[in-house]
Amino acid sequence: MNKNRQMMTRRERVIAALEYREPDRVPLSMSITIDAYQNLKRYLEIELEEDLKPDRWTEVPVHPLVAEKLGMDAVLLPTGNSNRSTRRSENPDKWYDEWGVELTKIALPGGGYSNEITCSPLKSATVKDLADYEWPDPYDRSAVEGIREFYRHIHNDTEFAIFSNFGGSIFRRAQYLRGIETFKLDLKENPEFVEALLKKICKIQLARIGMLMEAAGKYVDVLCLGGEDMGNQENPVISLQMFRGVVKPHLEKLWGYTRKKLLEKNPRAKMMRYSCGAVKTFIPDLIQMQIDVLDPMQPPAEGMDLFELKAEFGDKLIFHGGVDAQHVLPLGTVEEIHEHIKKQIMALAPGGGYICAPTYNVQGNVPPENLIAMRDAVEEFGYYPINL
């Protein structure tokens, strides 16, 4: 093992990678769902009293004791949850978010559950209907309740870098409100509605961002912008021309404001854009829009060869992700996981600018042993200089 392994703290390690410097080793990060997290704690024999409140994706924050055992260098901290809901359901497995989208708790075959959209409230709406819709209150203080103290505690009392998902989505939120298929048709057939909907969502997200930044922005090392999936595993889900003409202007407004507010609070902080799938065609635009970190670097997706992406964009983007969460993590052997991690490090780590992480939040069907294998592989192959 490299003799310099203890030279950097966890936060210093992440910051070095974010600044295109080679840290002592490749940093490790991840987000995790509640079932996978509980399984991991049992495996590690860690007993903690935690008031876990899963988000829409069933993700939960990782306690520092667990993060330390797992070799993590960054933790993803939640924002507060707005207490507002447009309506309640008598069905305990059905609920509504603050935007009025109906979600239903669906059991997964391998264990755990997901919250799936079962009703999009604006599916039949017109432009005129948008004026009368019950929109979220962007100044709802429950959305920031307690986060200043929590973020300050993690920043001051631990060595972990802080990732936060303050950044709200626009494109994806519009699909949830309208329905994915309907919204895709709208892009071509109903541009007036699309423009009005995106404009309204952007206005709400701008106000919410400002409030969140005031609460805890100075403690954030990486701001995770709201997921805006632009690709599936084979193709982009929107053409580059349509993206530039319809969606990009709104994202530029939101991301530009977010960047300004973030850097006012922490000049060294970075902005990370999440988009799984085949998104290579959008990368030059993301760079032009001053995105610092690309996540999740999904290896099976078309055109997302990690060696090629590093060669083409490695001096302009930090890469976060790369570990196959669909097949390798849930189904691979320890040996297969080690070989997989070794390949990702070979592709993305030289010269810095890489944070190793799964390409999606860790699901309940991922054996805890495989998460430990991921940690051990980073320890084995991730120390600089990379010479594999």
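The values are calculated or read from the model by the stated rules, or taken from the named source; none is laboratory data. On a predicted model such as this, the values are computed, not experimentally measured, just so you know. Quick reminder, even Gly has a Cβ in these numbers, built from the backbone with ideal geometry, and neighbours come from all protein chains shown.
General remarks:
- Those residues of region 201-228 which are charged (D, E, K, R) and in contact with a helix residue (DSSP H, G or I) (Cβ under 6 Å, 6 or more places away or on another chain), in sequence order: Lys218, Glu228
- Residue in region 250-274 that is nearest to the chain's Cα centre (by Cα), counting only those that are surrounded by fewer than 14 Cβ atoms within 10 Å (Cβ to Cβ) and part of a helix (DSSP H, G or I): Gly256
- Taking the criterion of being under 17 Å from Gln233 (Cβ atoms) and in a helix (DSSP H, G or I), the residues of region 311-330 that qualify are Val328, Leu329, Pro330.
- With respect to being β-branched (Val, Ile, Thr), closer than 24 Å to Glu228 by Cα and in contact with a His (Cβ under 9 Å, 6 or more places away or on another chain), Val328 falls outside the description.
- As a summary of the residue check, Met230 satisfies the conditions (1) at pLDDT below 95; (2) within 22 Å of Leu76 (Cβ to Cβ); (3) surrounded by 20 or more Cβ atoms within 10 Å (Cβ to Cβ); (4) out of contact with any strand residue (DSSP E or B) (no Cβ under 8 Å at 6 or more places or on another chain) except for the one numbered (4).
- On inspection, Gly111 fails the criterion of being in a loop (DSSP other than H, G, I, E, B), under 23 Å from the mean Cα position of the chain (by Cα), more than 23 Å from Ile32 (Cα to Cα) and of a type outside the set (Phe, Trp, Tyr).
- Exactly one residue out of Val62, Val75, Val14 is modelled with pLDDT of 95 or more and in a loop (DSSP other than H, G, I, E, B): that is Val62.
- When region 275-299 is limited to residues that are surrounded by fewer than 24 Cβ atoms within 10 Å (Cβ to Cβ) and acidic (Asp, Glu), the one that is farthest from Glu234 (Cα to Cα) turns out to be Asp292.
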